[in-house]
1. Identify, from the list 411, 386, the residue that is more than 30 Å from residue 5 (Cα to Cα), modelled with pLDDT of 95 or more and not assigned by TED's automatic domain parsing to the domain that holds residue 68.
2. Under 21 Å from residue 412 (Cα atoms) and either surrounded by fewer than 17 Cβ atoms within 10 Å (Cβ to Cβ) or in the same structural domain as residue 282 (by TED's automatic domain parsing) (or both): does that describe residue 326?
3. Does residue 117 satisfy the criteria of being in the same structural domain as residue 312 (by TED's automatic domain parsing), over 15 Å from residue 33 (Cβ atoms) and in a loop (DSSP other than H, G, I, E, B)?
4. Would you check if there is a residue in the range 15-28 being surrounded by fewer than 24 Cβ atoms within 10 Å (Cβ to Cβ) and within 17 Å of the chain's Cα centre (by Cα)?
5. Could you check the range 400-418 and list, in sequence order, the residues that are under 24 Å from residue 327 (Cβ atoms), in contact with a strand residue (DSSP E or B) (Cβ under 7 Å, 6 or more places away or on another chain) and outside any helix (DSSP H, G or I)?
6. Out of everything in the range 68-78 that is surrounded by 11 or more Cβ atoms within 10 Å (Cβ to Cβ) and either in contact with a helix residue (DSSP H, G or I) (Cβ under 7 Å, 6 or more places away or on another chain) or in a helix (DSSP H, G or I) (or both), what residue ends up being modelled with the highest pLDDT?
7. For the range 375-392, enumerate the residues that are surrounded by 15 or more Cβ atoms within 10 Å (Cβ to Cβ) and within 28 Å of the chain's Cα centre (by Cα).
8. Would you kindly identify the strands (runs of 3 or more DSSP E) lying entirely within the range 192-281 that contain at least 2 residues that are in contact with a helix residue (DSSP H, G or I) (Cβ under 7 Å, 6 or more places away or on another chain) and either in contact (Cβ under 8 Å) with a residue 60 or more places away in the chain or at negative phi (or both)?
């Protein structure tokens, strides 16, 4: 029987990050993945969507080239070429992950892994022994169960990212943030998109001062709230909205169902693991209820983002190695990769007031930022900061900006180190940059 210091189930961001760190620390490590290295993020989520988003951004920039003094013929989208480029990016990164962990000495096996009692993992019938086990099996989308769901024009989010031709009409159905991203992406590429949102509330996670201008930027998308699918036709989807049926044109229907922790087939009952609430329960060191078993990523229900999974993997391995790192979800940023991007971390104004905190807020439009004006052809953008009125501690930052995903990271150490607004205003930032908007917004608190 093969014996390992660590057996990892799942090769997504949590799995390959943990494998890299553990092997680098001298642990004999086995990574088991039943599909492809990189998980959903690399193969069917974060990476392919950003590759296509780069195409959409370039298309938009070319369309507005005249505003910058550049005359070009009207741009045309070659969807097959864009898809081919996206596949090359995915393949390159997947090969990079494989090369990197192989260089570390990580063993990789393809197959279905399940727990087989304490300290043992079964891989397609073969048992291996493990001093430590990390569950990083990710999540699966809930199935769409309506008449017509098996039609060829119905795809999941993976299928939506691998279309070879741009559909004239598209309906994105569900209540997941990835659905908003896909709707924004395909609208920017030129499709007529309807977002069928299955909740009455729309983007309730966002601070209202960010949500309102974002909705204006998404105005090319038809948003139908509080709807559920009745059936799917060859070129349309029929929905019920408040008891009234409505037929929405859709050459392609994209199902963005709720993603649930992938617990099936893992043999969790063999170690009496706590999976109450449909997720693997962990503490802030990523330990489960079973000795020697850790979990990270979507399977825990603690985060639905790759960056959260990566951090949980780091914490899990550090715990195995005897250090004191902790999982702190309150400092986990969220990015909505629409055009423009929205990003936020910390408390919204409403959340802070609900907690009974005395707050001061400041809002500054991106149009007040020099780099925004030099680099864009108009559009909306905003920075909102939420500060504790008594302690002067920054509680949250909310951005709507073309580069919000690149700006928000700088807020994290400010929150974690509990810098006061007055101290942040004293920081020397490079000028001109869009990140200056955060410091300048804090100056509006005076």
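The values are calculated or read from the model by the stated rules, or taken from the named source; none is laboratory data. Quick caveat: nothing in here was measured; it's all calculated off a predicted structure. With ideal geometry, Cβ positions are generated from the backbone for all residues, glycine too; neighbour counts draw on all protein chains shown.
1. Working: 411 fails: modelled with pLDDT of 95 or more.
Just a single option satisfies the conditions, and that option is 386.
2. On the way: under 21 Å from residue 412 (Cα atoms): yes; either surrounded by fewer than 17 Cβ atoms within 10 Å (Cβ to Cβ) or in the same structural domain as residue 282 (by TED's automatic domain parsing) (or both): yes.
For residue 326, the condition - under 21 Å from residue 412 (Cα atoms) and either surrounded by fewer than 17 Cβ atoms within 10 Å (Cβ to Cβ) or in the same structural domain as residue 282 (by TED's automatic domain parsing) (or both) - is met.
3. Numbers: in the same structural domain as residue 312 (by TED's automatic domain parsing): yes; over 15 Å from residue 33 (Cβ atoms): yes; in a loop (DSSP other than H, G, I, E, B): yes.
Answer is yes for this residue.
4. Scanning the range 15-28 turns up no residue that is surrounded by fewer than 24 Cβ atoms within 10 Å (Cβ to Cβ) and within 17 Å of the chain's Cα centre (by Cα).
5. Selection gives 418 alone.
6. Of the residues in the range 68-78, the ones surrounded by 11 or more Cβ atoms within 10 Å (Cβ to Cβ) are 68, 75, 77-78.
Adding the requirement that they be either in contact with a helix residue (DSSP H, G or I) (Cβ under 7 Å, 6 or more places away or on another chain) or in a helix (DSSP H, G or I) (or both) leaves 68, 75, 77.
Numbers: 68: 92, 75: 90, 77: 95.
Residue satisfying both the conditions and the ranking: 77.
7. Residues satisfying the conditions are 376, 379, 380, 381, 382, 383, 384, 385, 386, 387.
8. Working: elements: 192-197, 222-224, 227-233, 236-241, 244-249, 252-256, 259-261.
Once the strands (runs of 3 or more DSSP E) in the range 192-281 are filtered for at least 2 residues that are in contact with a helix residue (DSSP H, G or I) (Cβ under 7 Å, 6 or more places away or on another chain) and either in contact (Cβ under 8 Å) with a residue 60 or more places away in the chain or at negative phi (or both), what remains is 192-197, 252-256, 259-261.
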